[in-house]
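The values are calculated or read from the model by the stated rules, or taken from the named source; none is laboratory data. All of these numbers come straight from a predicted model, not from anything done at the bench. Neighbour counts run over all protein chains shown; Cβ positions are idealised from the backbone, glycine included.
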Amino acid sequence: MSVGVTRGVALRGIAGHLVDIECHVGRGLPAFDISGLPDTALRQAPQRVRAACLSADVSLNSRQLTFNLSPASIPKHGTGFDLGIAVAALAACGELPVGAVRGIAHLAELGLDGRLRHVAGVLPAVLAAQRSGCAHVVVAPEDVVEARLVDGVRVSTATSLHGLVKAYRGAPRGLLPEAPETSSSTPAPADERRVDLADVSGQHEARAALMLAAAGGHHLLLNGPPGSGKTMLAERLVTILPPLTREQALETLAVRSLVGSMPSRGIDLVPPFVAPHHSASVAALVGGGSGAVLPGAVSQAHHGVLFLDEAAEFGGAVLQALRQPLESGQVVVARAREQVAYPARVQLVLAANPCPCGEGHGKGLLCRCRPTERRAYAARLSGPLLDRVDIQVQVPKVSLADLHEAPSDSSADVAERVVSARASQRRRWEMQGWQLNSQVPGPVLRRTPWRLPSATTAALDRALDLGQVTLRGYDRVLRLAWTSADLNGRGTPSATDVGLALMYRTQGAVAA
Ligand SMILES: Nc1ncnc2c1ncn2[C@@H]1O[C@H](COP(=O)(O)OP(=O)(O)O)[C@@H](O)[C@H]1O
Ligand SMILES: [Mg+2]
Ligand SMILES: [Zn+2]
């Protein structure tokens with residue numbers, strides 16, 4: 001009996017496990033058996049592999065083939081094992097050099113005509129291979145750029161199985177040649193499509209709120225009539241956040257690789273900005289789906305900003321489903337045989353109209369909604385999600401005067417202040433394992449040594465007494481006051497910082 005062995009990768013979430021694909025050729029009746037927890041797509045591999053091998057002039061039809069994918073205990077999904085299975089079979093049948101294919105991870109689907117086809121998740125798979133010490137992969141031509149993002153891995157390709165067999169046979173010293181460089185693997189030029197905070201006229205309060213949100217990692221609600229610039233502001237948050245580390249960027253791209261939304265070139269260190277539509281389903285927002293468990297918008301926004309425009313229009317179940325990821329920084333989907341986790345550390349920005357008609361209710365405003373309509377609208381947003389939002393700010397309509405004023409601070413200027421405010425926070429909290437003020441639990445801020453003098457918190461204490469803020473709201477104000485102090489280079493919040501934070505708690509509020 002002869003044996004061929006090569007490698008593949010089993011993905012679970014964005015984590016992956018190197019898998020040995022073993023093929024035994026027996027002398028018995030023709031067979032094509034795969035063991036090692038294959039899913040439906042993988043169980044259909046024989047048809048594709050047989051046809052692809054025929055196109056490479058090798059018939060497997062009369063052979064008794066037994067495949068073992070080990071470790072057997074890990075569930076294996078999808079069509080990405082096709083190529084590995086074919087290569088293991090060809091090696092076992094003596095059509096490929098056994099030694100040459102053994103240590104290489106093969107990650108591609110096979111067409112019936114033998115073509116190597118794209119599979120989702122090449123980036124996380126190659127990352128996993130590299131971490132397990134496998135430094136050579138073979139992928140479909142369209143996946144070469146993605147595989148190359150991982151340092152220290154040799155990437156080979158072929159258009160067809162036939163081409164790969166020829167390449168293996170002709171390889172000098174058995175080493176498969178590297179895929180040719182393509183122009184698209186060069187990084188995207190920076191600033192090509194960049195928006196800037198300086199594009200926003202007026203809106204001083206909202207801009208200050210955006211800077212606070214960026215500095216302390218606070219979730220933010222922008223509340224104002226249509227056309228006032230809420231979407232503009234939200235899109236610009238990523239331009240004032242610190243750039244991602246390469247590792248963070250790869251993690252974010254690994255998620256996007258699974259849903260096929262990889263940018264066409266290079267690694268972008270600007271945090272992702274993801275804005276799902278309000279008709280999005282729970283699965284689209286937090287992940288899941290009926291077949292494979294795919295990451296949702298909240299995971300695609302990992303290390304970046306999740307923007308819910310017209311937040312009150314999102315379904316209640318959808319908003320509710322966001323609670324767990326916001327709390328834990330990850331989404332966990334349980335399935336019969338396994339649990340899949342996707343990272344989801346996001347900063348949330350909500351935009352909402354002040355009321356259903358959009359005008360807003362109050363002095364000088366022309367709201368046409370009935371009070372019951374206004375209350376029902378506010379109730380939709382309040383509760384689960386607003387609980388976690390530290391900053392609520394009014395974004396009024398822009399006036400002509402706003403449009404004519406001198407341009408405001410650029411994103412680069414603001415980003416610099418954000419970076420230094422974050423450095424102060426890290427110094428203060430790192431012993432306790434926090435990075436940002438938004439991560440600090442309220443009770444900590446109310447206890448020594450962080451408790452502020454009563455003269456500093458007088459206005460806030462009064463608001464609590466009068467029932468204008470809840471205790472949870474009180475803690476939010478404290479957190480934000482610390483961020484305000486950090487932005488202004490003060491070691492401890494002053495009454496001004498507390499007053500500002502209180503204003504962001506009460507003035508912009510859609511609901512208490
Ligand atoms: N403060 C502003 N400064 C500059 N342009 C603005 C401002 N507000 C709105 N605009 C213009 O109006 C358009 C709509 O703004 P948008 O951000 O979509 O508003 P909203 O999300 O509040 O409905 C923008 O693309 C921009 O051209
Ligand atoms: Mg908008
Ligand atoms: Zn109204």
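A few notes on this one:
- Residue, nearest to ligand 2 (Cβ to nearest atom), within segment 322-359, restricted to residues that are small (Gly, Ala, Ser) and surrounded by 22 or more Cβ atoms within 10 Å (Cβ to Cβ): 351
- Restricting the search to helices (runs of 4 or more DSSP H) fully inside segment 1-114 and requiring at least 2 residues that are within 34 Å of the chain's Cα centre (by Cα) and surrounded by 16 or more Cβ atoms within 10 Å (Cβ to Cβ) gives 40-43, 45-55, 82-92.
- Filtering segment 420-438 for residues that are among the polar types (S, T, N, Q) and within 16 Å of ligand 2 (Cβ to nearest atom) leaves an empty set.
- Per the listing 275, 215, the residue uniquely within 23 Å of residue 439 (Cβ to Cβ), modelled with pLDDT of 95 or more and either in the same structural domain as residue 414 (by TED's automatic domain parsing) or crowded, with 17+ Cβ neighbours inside 10 Å (or both) is 215.
- Number of the condition not met by residue 173 [criteria: (1) more than 22 Å from residue 60 (Cα to Cα); (2) modelled with pLDDT of 95 or more; (3) among the basic types (Lys, Arg)]: (2)
- Test set (1) in contact with a Lys or Arg (Cβ under 6 Å, 6 or more places away or on another chain); (2) closer than 20 Å to residue 248 by Cβ - residue 151 fails condition number: (1)
- Candidates 314, 307, filtered to the one that is within 16 Å of ligand 1 (Cβ to nearest atom), within 19 Å of residue 256 (Cα to Cα) and surrounded by 15 or more Cβ atoms within 10 Å (Cβ to Cβ): 307
- Of all residues in segment 346-380, those being in contact (Cβ under 8 Å) with a residue 24 or more places away in the chain, away from ligand 3 (no atom under 12 Å from the Cβ) and part of a loop (DSSP other than H, G, I, E, B) number 1.
- Qualifying positions in segment 29-52 - at pLDDT 90 or above and touching a Gly at 6+ places or on another chain (Cβ under 8 Å): 48, 51, 52
- Qualifying residue in segment 398-406 (condition: touching a Gly at 6+ places or on another chain (Cβ under 7 Å), modelled with pLDDT of 90 or more and of a type outside the set (Asp, Glu)): no
- Residue check for residue 238: under 21 Å from residue 120 (Cβ atoms), in contact (Cβ under 8 Å) with a residue 24 or more places away in the chain and assigned by TED's automatic domain parsing to the domain that holds residue 438: no
- From the options 269, 222, 253, 244, residue that is assigned by TED's automatic domain parsing to the domain that holds residue 419 and within 16 Å of ligand 2 (Cβ to nearest atom): 222
- The residue of segment 384-405 that is farthest from the chain's Cα centre (by Cα), among those that are hydrophobic (A, V, I, L, M, F, W, C) and under 13 Å from residue 225 (Cβ atoms), is 398.
- Criterion (of a type in the set (Val, Ile, Thr), assigned by TED's automatic domain parsing to the domain that holds residue 351 and within 16 Å of ligand 1 (Cβ to nearest atom)) met by exactly one of 419, 395: 395
- Criterion violated by residue 195 - all others in (1) within 16 Å of ligand 2 (Cβ to nearest atom); (2) crowded, with 24+ Cβ neighbours inside 10 Å satisfied: (2)
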